[in-house]
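Step one of this worksheet: look at the structure below.
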Amino acid sequence: MIALSLAEIAAVVGGQTHDIPDPSVQVTGPVVRDSREAGPGSLFAAFVGERVDGHDYAAQVVEAGAVAVLASRPVGVPAIVVEDVQSALGALARHVVRRLGATLVALTGSAGKTSTKDLIAQVLRRKAPTVFTPGSLNNEIGLPLTALSATEETKFLVLEMGARGIGHIRYLAELTPPRIGLVLNVGTAHIGEFGGREQIAQAKGELVEALPSAEDGGAAVLNADDPLVRAMASRTKAKVVLFGESAEADVRAENVRLTDSGQPAFRLHTPSGACDVTMRLYGEHHVSNALAAAAVAHELGMSAEEIALALSEAGSLSRWRMEVTERPDGVTIVNDAYNANPESMRAALRALAAMGQGRRTWAVLGKMAELGDEALAEHDAVGRLAVRLNVSKLVAVGGVEASWLQLGAYNEGSWGEESVHVSDAQAAVDLLRSELRPGDVVLVKASRSVGLESVAQALLEAGAEGGVDAR
Ligand SMILES: Nc1ncnc2c1ncn2[C@@H]1O[C@H](COP(=O)(O)OP(=O)(O)O)[C@@H](O)[C@H]1O
Ligand SMILES: [Mg+2]
């Protein structure tokens, strides 16, 4: 964080100082909510959770070097006491980003926010110091904490914004007003909570409504291939920059293909030139994410060459997203268990097929959550696609949705033991442990709530123990 005295912080958040002998002492370190992260110079934000009350750790964090606690009651050690710690944190973030010289980039969308944020950060940091959301900390607490981790050196601040309803993005964009706002897609994630795709579009579009005008440098970066996102152009006074595969996009990809190892390759076109990209990431859904990142970087003055190089070298910064690991025995595990939706299931299966040429391929799949009325048809279609792509074995894991996956495969013409339905993760691991052979490629993917990363983890451990029959 930029250095601020306790007196300044108290004034910004409208709090009372308690047990503070010297209010001119400065907070220099990060603002943290986890007591274990509190170190010298830090400010500890005490939240009252369901199981733990941060206030109970006040003495401990001060012992560890924290300058003070941002709290909702006096705690016997230096504290700034406010009515609501979350709003105080937000007010502090707003104050700090106003004083920073950094350019703020915010992004939202139904799927791919974290992957794209990680790509943007890996491109922009080649040009100047960049701070970005760690992992998926994209809510009303994670966002201000990330913003507060920026320093005087920071030139770019890249913020993931999540929403579960109308007004959420508007709130986040008020805390940290972006100059560039990117909307990736409007899908079906959390559709139950929103009430429909139109409502999701309404909520995500709040980002472009919050942008400054084109004259003041505002830019709305929108997915030309997604009609609900494309339509957000009418909701902003910022300049509109389109990305996608469609011809009208300002930043677009041509000749998109997957390499034999399942990595996307394409020719990147920007208004200032074109360049070839071959990504290290797996799965064609990353093409859209890469174009989004390229559009942001181009807007911030980077050349097509610089962007293409950065995209070609970018790796995966967040876990369980097409994480490819080679086991010592020659089995390849593709862990994409972080989450799943129909688009990413299709992309992952295509990547598996590309990687598996001449090898045996396994798709270990669980349910895609929150699909409402579409659930049966979508699971059926994924099961069918696995067969069409010639995936050798489909292992559908879990309850009724998994049975739809398996039935889709069966009806598309898989027979014998080419597709199986098992009840849970342990059953899948048991099956795979006895069946996997050197050279096999295994994709593991399902919605977050299924927790299939445990399968990928068990398979990696089995490989390390040499616990697989090599036949
Ligand atoms: N552009 C995209 N379109 C559809 N699905 C995607 C896209 N990018 C990533 N995904 C899928 O969504 C999952 C979650 O990706 P992530 O980047 O964490 O998204 P978010 O942060 O929006 O939840 C990934 O495992 C991948 O399967
Ligand atoms: Mg995320």
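When 76, 101 are checked against the criterion of being under 22 Å from residue 23 (Cβ atoms) and part of a loop (DSSP other than H, G, I, E, B), 76 stands alone in meeting it.
Exactly one residue out of 378, 417, 401, 461 is part of a loop (DSSP other than H, G, I, E, B) and in the same structural domain as residue 333 (by TED's automatic domain parsing): that is 417. Of the residues contained in the stretch 146-155, one or more are found to be more than 29 Å from residue 340 (Cβ to Cβ) and in contact with a helix residue (DSSP H, G or I) (Cβ under 6 Å, 6 or more places away or on another chain). Against the list (1) buried (at least 24 other Cβ atoms within 10 Å of the Cβ); (2) within 16 Å of ligand 1 (Cβ to nearest atom); (3) part of a loop (DSSP other than H, G, I, E, B), the condition residue 391 fails is (2). Within the stretch 128-154, being away from ligand 1 (no atom under 16 Å from the Cβ) and free of Cβ contacts under 8 Å to residues at least 40 places away in the same chain holds for 128, 129, 130, 131, 153. From the list 358, 330, 301, the lone residue that is of a type outside the set (A, V, I, L, M), in the same structural domain as residue 111 (by TED's automatic domain parsing) and not in a helix (DSSP H, G or I) is 301. Of all residues in the stretch 373-401, those that are over 21 Å from residue 429 (Cβ atoms) have Cβ atoms under 6 Å from Cβ atoms of residues that are open to solvent by 30 Å² or more (accessible area, probe 1.4 Å) and among the small types (Gly, Ala, Ser), 6 or more apart or on another chain, in 387/413. Out of all the residues in the stretch 4-22, which are assigned to a loop (DSSP other than H, G, I, E, B), on the phi < 0 side of the Ramachandran plot and touching an Asp or Glu at 6+ places or on another chain (Cβ under 9 Å)? Selection gives 15 alone. Please find, within the stretch 322-352, the residue that is most open to solvent (accessible area, probe 1.4 Å) out of those that are farther than 14 Å from residue 442 by Cα and either free of Cβ contacts under 8 Å to residues at least 12 places away in the same chain or within 7 Å of ligand 1 (Cβ to nearest atom) (or both). Taking the candidates together, the pick is 343.
Hey, among the residues in the stretch 394-428 that are β-branched (Val, Ile, Thr) and buried (at least 22 other Cβ atoms within 10 Å of the Cβ), which one's nearest to residue 262 (Cα to Cα)? That would be 395.
Restricting to the stretch 142-169, name every residue that is farther than 15 Å from residue 102 by Cα and either surrounded by fewer than 16 Cβ atoms within 10 Å (Cβ to Cβ) or outside the structural domain of residue 195 (by TED's automatic domain parsing) (or both). Within the stretch 142-169, 164, 165, 166, 167 meet the criteria. Of 145, 124, 172, 137, all but one fail to be of a type in the set (A, V, I, L, M) and within 12 Å of ligand 2 (Cβ to nearest atom); the exception is 137. Inspection of the stretch 369-382 identifies no residue that is touching a strand residue (DSSP E or B) at 6+ places or on another chain (Cβ under 7 Å) and among the small types (Gly, Ala, Ser).
The one condition from (1) part of a helix (DSSP H, G or I); (2) more than 16 Å from ligand 2 (Cβ to nearest atom); (3) β-branched (Val, Ile, Thr) that residue 166 does not meet is (1).
The values are calculated or read from the model by the stated rules, or taken from the named source; none is laboratory data. None of these values were measured; they are calculated from a predicted model. Because the Cβ atoms are built from the backbone with ideal geometry, glycine has one as well, and the counts that use them run over all protein chains shown. We work out accessible area using only protein heavy atoms, side chains counted, and drop any ligands, DNA or RNA first. Shrake-Rupley method; radii C 1.70, N 1.55, O 1.52, S 1.80 Å.
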